[in-house]
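Have a look at the structure below, then the notes.
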Amino acid sequence: MLDEKLEPIYADVLRRNAGEEEFHQAVHEVLDSLGAVIAKHPHYAENALIERICEPERQIIFRVPWVDDRGQVQINRGFRVQFNSALGPYKGGLRFHPSVLLGTIKFLGFEQTFKNALTGMPIGGGKGGSDFDPKGRSDAEIMRFCQSFMTELGRHLGEYTDVPAGDIGVGGREIGYMFGQYKRMTNRYESGVLTGKGLTWGGSRVRTEATGYGAVYFVERMLRRRSTQFDGKKVIVSGAGNVAIYTIEKVQKLGGRVIACSDSNGYVVEESGIDLALLKEIKERKRGRVSDYAMARKGATYVPNGRIWDVPADVAMPSATQNELTGADAKTLVRNGVLAVGEGANMPCTPEAVRTFIDANVLFGPGKATNAGGVATSALEMQQNASRDSWSFETTEEKLRTIMHSIHDNCAQTADEYGSPGNYVLGANVTGFIRVAEAMQAMGVV
Ligand code: GLU
């Protein structure tokens, strides 16, 4: 139940964003945490501040025409939702996936605003993408698509305005094609306009690893509150993309055993532990599937269309996509004795799943906090670009670790202050909200 002051605000969000269920879900989750804030500090509900926070500053939708390898013209839809710039230029990734709709980008931009605030760095929130499906497309097709996409998006960007990066379907290759097109359009080498760039042309060390590594640091810090650690733990990581791969890498470095990972077709279990070098070879170099991995390993079992959450584990790190872990999955995990769940993806657990974990006293790290290491390292990339500097791997990783620990500690402290010790969902939503709200109030009605 939402606070009575927040109920009409939510009703309005439903009415004005009809059919955009993921956006409704993301807003509801934050409003659910804000009842406690406005009870304590009623001024945060003044001047329609919460209504303004729920309304994106700008939403851009555009046509992306391109020519495929057979010479046929293809049309996709491009989006950029510039959600909130109270704390800095809009910042957030681009997602290329056939499921992308305006509501998807809106939910991601909303989440991004609070996530970015939690990092304590000068970045606002935004998100973009397209319903383009990169699967099975040639390099040349990807390039032509990225060029066409940037031709339209470019006019809305700038290092002080809006700084995109990667997300699902957008990695180093795509950022390269988009940066090249932006540079050509503007005749400027504006390094700070995109993050996730290659190391030889303005990228930051650790950016590739950052989301996964950061998520593991966050969970490590939660485990410490129960006087335990990753060493010797059984871990399952859904997904097999960038976040999953570097989550697996860091868990393994800390002595954990990752026994399962997945993609949209199925999951693979290997009790002795996933062979990360092989997984990287298949996913990063060959752009293959986890079924290819299972085929290459004697000890691995492939379960097509199965639920990875059926595999008993101490720690679960959902790192694929939104709503991939349902209430029923959460019950299975709890029954199997899961100790901690850290969201590597954005909103991978449904509201029922989150409730199940919190009720069962499972350590639960919400994506806004747990996966903030990616965007935090993007902000470190912006810092290096602005000072024309380039830091070592060790220096950059140390900064990432410090940021993740402070995000964890701030969330934990806020949860204590608001009478819900251990509730990181409340801690993250309230901490992020207050930072954005303070800046918005200082700037007046804009
Ligand atoms: N897409 C990532 C996220 O969800 C990274 C965004 C960025 O680096 O700007 O936070």
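The values are calculated or read from the model by the stated rules, or taken from the named source; none is laboratory data. Keep in mind that this is a model prediction, so the values were computed, not measured. Cβ sites come from the backbone with ideal geometry, for glycine too, and all protein chains shown count toward neighbours. Only protein heavy atoms, including side chains, enter the accessible area calculation; ligands, DNA and RNA are left aside. Shrake-Rupley method; radii C 1.70, N 1.55, O 1.52, S 1.80 Å.
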Roughly how many whole Å is it from the C-alpha centroid of segment 93-171 to that of segment 270-300? 28 Å
Share of pairwise Cα separations in segment 146-241, more than 16 Å, in percent: 63 percent
GNM on the chain, C-alpha springs below 10 Å: top fluctuator among GLY158, GLY202, GLY71? GLY71
With a cap of 14 neighbouring Cβ atoms within 10 Å, and only residues DSSP puts in a loop, list the trypsin sites (Lys or Arg not before Pro) found in segment 340-446. ARG388
Given charges of +1 on the Cβ of Lys and Arg and -1 on the Cβ of Asp and Glu, with all other atoms neutral, how large is the dipole of the chain about its Cα centre, in debye to the nearest 20? 1040 debye
Rounding to the nearest 20 debye, state how big the charge dipole of segment 259-388 is about its Cα centre with +1 on each Lys and Arg Cβ and -1 on each Asp and Glu Cβ. 320 debye
List, in order, the whole-Hz ³J(HN,Hα) value for each residue of segment 248-263 obtained from phi through the Karplus relation with A = 6.51, B = -1.76, C = 1.60 and θ = phi - 60°; use x for Gly and Pro. 4, 4, 6, 4, 4, 4, 8, x, x, 10, 8, 9, 7, 8, 7, 9
Expressed as a whole-number percentage, the relative contact order of segment 293-446 with C-alpha contacts under 8 angstrom and at least six residues apart is 16 percent
What residue among LYS280, LYS197, LYS135 shows peak mean-square fluctuation when the chain is described by a Gaussian network model with Cα springs under 10 Å? LYS135
When only Cα pairs under 8 Å and 6 or more residues apart are kept, what is the percent relative contact order across segment 185-264? 28 percent
Using DSSP, restrict attention to beta bridges with both residues in segment 218-371 and report what percent are antiparallel, rounded to the nearest 5. 40 percent
What do you get when you divide the Cα radius of gyration of the chain by 2.2 N^0.38 Å, with N the number of residues? 0.93
Out of the DSSP beta bridges found with both residues in the chain, what percent are antiparallel (nearest 5)? 55 percent
Using helices alone, what [θ] at 222 nm do you get for the chain, with -39,500 (n - 2.57) per DSSP H run of 4 or more residues, divided over all residues and rounded to the nearest 500? -14500 deg cm²/dmol
Counting only C-alpha contacts under 8 Å and six or more residues apart, can you give the relative contact order of the chain as a whole percent? 15 percent
Through the Karplus equation 6.51 cos²θ - 1.76 cosθ + 1.60, θ set to phi - 60°, convert the phi angles of segment 61-72 into ³J(HN,Hα) values in whole Hz; use x for Gly and Pro. 10, 8, 7, 10, x, 7, 10, 7, 5, 8, x, 8
Long-range amide H contacts for ALA345: which residues qualify at under 5 Å (H placed 1.01 Å from N, peptide plane, sequence gap of 5 or more or a different chain)? SER319, ALA320
Return the long-range amide H neighbours of GLY266 (sequence gap of 5 or more, or a different chain), with a cut-off of under 5 Å between placed amide H atoms. ASN305
Can you give the accessible area per residue of segment 318-370, in Å², using a 1.4 Å probe? 31 Å²
accessible surface per residue for segment 161-255, probe 1.4 Å, DNA/RNA/ligands not counted, whole Å² -> 37 Å²
Name the chymotrypsin sites (Phe, Trp or Tyr not before Pro) in segment 184-214 that are in a loop by DSSP and that have at most 15 other C-beta atoms within 10 Å, would you? TYR189
Leaving out same-chain residues fewer than 8 places away, which lysines sit with a Cα under 16 Å from that of LYS253? LYS233, LYS234, LYS280
Could you pull out the trypsin sites (Lys or Arg not before Pro) across segment 1-83 that fall in loop regions by DSSP (anything but H, G, I, E, B) with no more than 16 other Cβ atoms inside 10 Å? LYS5, ARG70
Between the alpha carbon centres of segment 356-435 and segment 215-242 the gap in Å comes to 15 Å
Choose one answer from GLY198, GLY232, GLY78: the residue with the largest mean-square fluctuation in a GNM of the chain with alpha-carbon springs under 10 Å. GLY232
Rounded to 0.05, the calculated FRET efficiency for the beta carbons of GLU417 and VAL73 at R₀ = 51 Å is 0.35
Neighbours of ASP314 by Cβ distance under 9 Å: Lys/Arg at +1, Asp/Glu at -1, summed charge +2
Rounded percent of accessible protein surface that carbon and sulfur make up, the chain, 1.4 Å probe: 49 percent
Taking every pair of alpha-carbon atoms in segment 1-91, what share in percent sits in each 10 Å bin, from 0 to the bin with the longest distance? 13, 36, 27, 12, 8, 3, 0
For VAL67, residues with placed amide H under 5 Å, excluding near neighbours: GLN74
Output wanted: per-residue J couplings in Hz (rounded whole) for segment 335-346, from phi through Karplus 6.51 cos²θ - 1.76 cosθ + 1.60, θ = phi - 60°, x for Gly and Pro. 4, 7, x, 4, 9, 9, 10, x, 7, x, 8, 8
Counting Lys and Arg as +1 and Asp and Glu as -1 over every other residue whose Cβ sits under 10 Å from the Cβ of ALA260, the net charge comes to -2
